[in-house]
Amino acid sequence: AQSVTQPDIHITVSEGASLELRCNYSYGATPYLFWYVQSPGQGLQLLLKYFSGDTLVQGIKGFEAEFKRSQSSFNLRKPSVHWSDAAEYFCAVGPGTYKYIFGTGTRLKVLA
Amino acid sequence: DAGVTQSPTHLIKTRGQQVTLRCSPISGHKSVSWYQQVLGQGPQFIFQYYEKEERGRGNFPDRFSARQFPNYSSELNVNALLLGDSALYLCASSLAGGLEGGETQYFGPGTRLLVL
């Protein structure tokens, strides 16, 4: 069965520090992978997506993610975190049909 | 261009009541999907509609139903509300509903439903 695991429920980093959020998926073929961000009380905003091609994808707000097939991972990174990045981050896999399967999310706290 | 819009933003109901949530997709998008997000969890797929036809249904009881109108807007109905139905209900729109070929779903701000 398809699934997405985000092992870290909460992460705290200092402003200016680097960030890596982990995402592991289970899927039988090449997946379509997404990262979304959700600020409190808001909907989901797409940060980036991977469908094919270059395994390092660039997104908005300075985020990037790397698809590693051998590790079934799609980790999100940012070299320098800003206080406004505090939010909840969701990794999702699209099975190539019509729905996403989401992970349980990682809540990011940024210390000034 | 306007994004996905949902109404109402908040709603309070009591157990046993019925609720209708509304969604307007991005102009030009023909597919609408509905997700339920319980506090502390990721969104769970409920339905997808494309060209007014149900294309997929998640693991939700028959109390949940939806429809899509000729202008591609959509309604989600939930009957006989339970306390466990309290959640953020998200609507997402896409051009044709399929993820093949690089299609992306764009999410609205959601409707927060509280069942007392």
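Coordinate-derived values only; no laboratory data. What you are looking at is a predicted structure, and each value in this text was computed from that prediction instead of being measured. Cβ sites come from the backbone with ideal geometry, for glycine too, and all protein chains shown count toward neighbours.
Remarks
- 14 Å beta-carbon shell around B:VAL115, net charge (K/R +1, D/E -1): +3
- Each other residue within a Cβ distance under 13 Å of B:GLN41 adds +1 if Lys or Arg and -1 if Asp or Glu, for a net charge of 0.
- Rounded to whole Hz, the Karplus (6.51, -1.76, 1.60) HN-Hα couplings of the stretch B:48-64, x for glycine and proline: 10, 10, 9, 6, 6, 10, 6, 9, x, 9, x, 8, 10, x, 5, 4, 8
- Per-residue average of Cβ from other chains inside 10 Å of A:31-43: 4
- Dipole orientation for chain A: of the candidates A:TYR27, A:GLN45, A:SER70, A:TYR27 has the Cα lying most toward the positive pole (charges on Cβ; Lys, Arg +1; Asp, Glu -1).
- Equivalent-ellipsoid semi-axes for chain A (Cα gyration tensor, √(5λ), whole Å, largest first): 23, 14, 12.
- Most fluctuating residue given options B:ALA80, B:ALA96, B:ALA66, as computed from a GNM of chain B linking Cα atoms under 10 Å: B:ALA80
- When you count the other C-beta atoms within 10 angstrom of each residue and take the mean per peptide, A:7-15, A:27-35, B:30-38 line up highest first as B:30-38, A:27-35, A:7-15.
- Listed residues B:ARG67, B:ARG55, B:ARG22, most fluctuating in chain B (Gaussian network, C-alpha, under 10 Å): B:ARG55
- Counts of other chain beta carbons within 10 angstrom of each beta carbon in peptide B:38-47 average 5.
- Furthest towards positive pole of dipole, B:SER74, B:THR14, B:LEU88, structure part chain B, Cβ charges: B:THR14
- The Cα atoms of chain B cover 41, 29, 27 Å along the three principal axes, with the biggest extent listed first.
- For A:LEU47, the residues 5 or more places off, or on other chains, whose built amide H falls under 5 Å of its own are A:TRP35, A:TYR36, A:VAL37.
- Hits among lysines - C-alpha to C-alpha of A:LYS49 under 29 Å, sequence gap 8 or more where chains match: A:LYS61, A:LYS68, A:LYS78, A:LYS99, A:LYS109, B:LYS30, B:LYS52
- Annotation: the protein assembly as shown has a Kirkwood hydrodynamic radius of 18.0 angstrom, from the mean reciprocal C-alpha pair distance.
- Computed from point charges on the beta carbon alone (+1 for Lys and Arg, -1 for Asp and Glu), the dipole magnitude for the protein assembly as shown about its Cα centre is near 400 Debye.
- Relative contact order computed over chain B (Cα-Cα under 8 Å; 6+ residues apart), in percent: 36
- Alpha carbon centroid spacing (whole Å) that separates the stretch A:30-82 from the stretch B:1-68: 25
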